[in-house]
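Novice: Got a structure here, written out as structure tokens. Questions coming.
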């Protein structure tokens, strides 16, 4: 059964190694706890140069998402997982396009908008 | 391990055209993975709306006034712990242990319910101080984003009950194990979305 699946590729979430998986969940949990506490600490501390905090929070969040993907969803770069990785890459691409595209377009529109008082004068 | 098994273990040993249709477990898992990615795209649209509107509080309460960090930390802990117990539960499903499945999935259910209760509590508090979704564009975006996530958690809990009933009545058939497996993927994916929510909404709001 397992060799049959290996030849066909693996569904996401299927762990390649038959044992030691409970351990991998616990490793993932400890990483996730450390990263979560780090991001809560980073948002309330004075120790970090304030303009750098959003970047640090972003890095910590992306790192934790990676930890969840690897240890909880068992996504890896193994050759039989190519399909899953490709789908994930496309998903990440669409998400990036959607979020950053919207933010850039809206910031640009905001920048080019006539100030409200000038608009009122034009209507008079 | 026999020699035929060894050749099959190497994916490139059998050409794609000779492999035949993939087993149902692979097809179902991959299809559900695609569904999850499309669900993540929905959340990305809501995240984009929130990121654009988070400053537009129309003179009403802002993120700094509303959100309590300790409350969010407890919510995050509940969801993270439920993700791990769900993982232990799916290991029990794989080895067809009935008692382990019930125990871990019951803990998952309780932690999920605790998360949901905290969120409902937060929402009702916000509504009672006049910070409902109709107050400003910021709050509309907040309630849509966090509410959609909460709705997913609610549906996940309903699904979990159905799965436990199926284990009780049908036993560990391949069909039931496949569904359990998809449920575990769904639950872990919700936790990944929550990382984005607490970083952007709750921690980003305090900056």
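Novice: Among the residues of the stretch B:94-108, count how many are away from chain A (no Cβ under 12 Å) and touching a residue at least 60 places away in the same chain (Cβ under 8 Å).
Specialist: So the answer is 5.
Novice: Just one of the numbered conditions (1) surrounded by fewer than 21 Cβ atoms within 10 Å (Cβ to Cβ); (2) within 21 Å of the chain's Cα centre (by Cα) is not true of residue B:125; which one?
Specialist: (2) is the only condition that residue B:125 fails.
Novice: Spot the failing condition for residue B:151; the list is (1) touching a helix residue (DSSP H, G or I) at 6+ places or on another chain (Cβ under 9 Å); (2) without any contact (Cβ under 8 Å) to a residue 12 or more places away in the chain; (3) within 20 Å of residue B:38 (Cα to Cα), and only one is missed.
Specialist: Against the list (1) touching a helix residue (DSSP H, G or I) at 6+ places or on another chain (Cβ under 9 Å); (2) without any contact (Cβ under 8 Å) to a residue 12 or more places away in the chain; (3) within 20 Å of residue B:38 (Cα to Cα), residue B:151 comes up short only on (1).
Novice: Anything in the stretch A:57-112 that is exposed (fewer than 12 other Cβ atoms within 10 Å of the Cβ) and closer than 18 Å to residue B:185 by Cβ? List them, or say none.
Specialist: Answer for the stretch A:57-112, where residues must be exposed (fewer than 12 other Cβ atoms within 10 Å of the Cβ) and closer than 18 Å to residue B:185 by Cβ: A:86, A:89.
Each reported figure results from applying straightforward, stated rules to the coordinates on display, with no laboratory input. Predicted model, so just to flag it, every value in this text is computed and none were measured. Neighbour counts run over all protein chains shown; Cβ positions are idealised from the backbone, glycine included.
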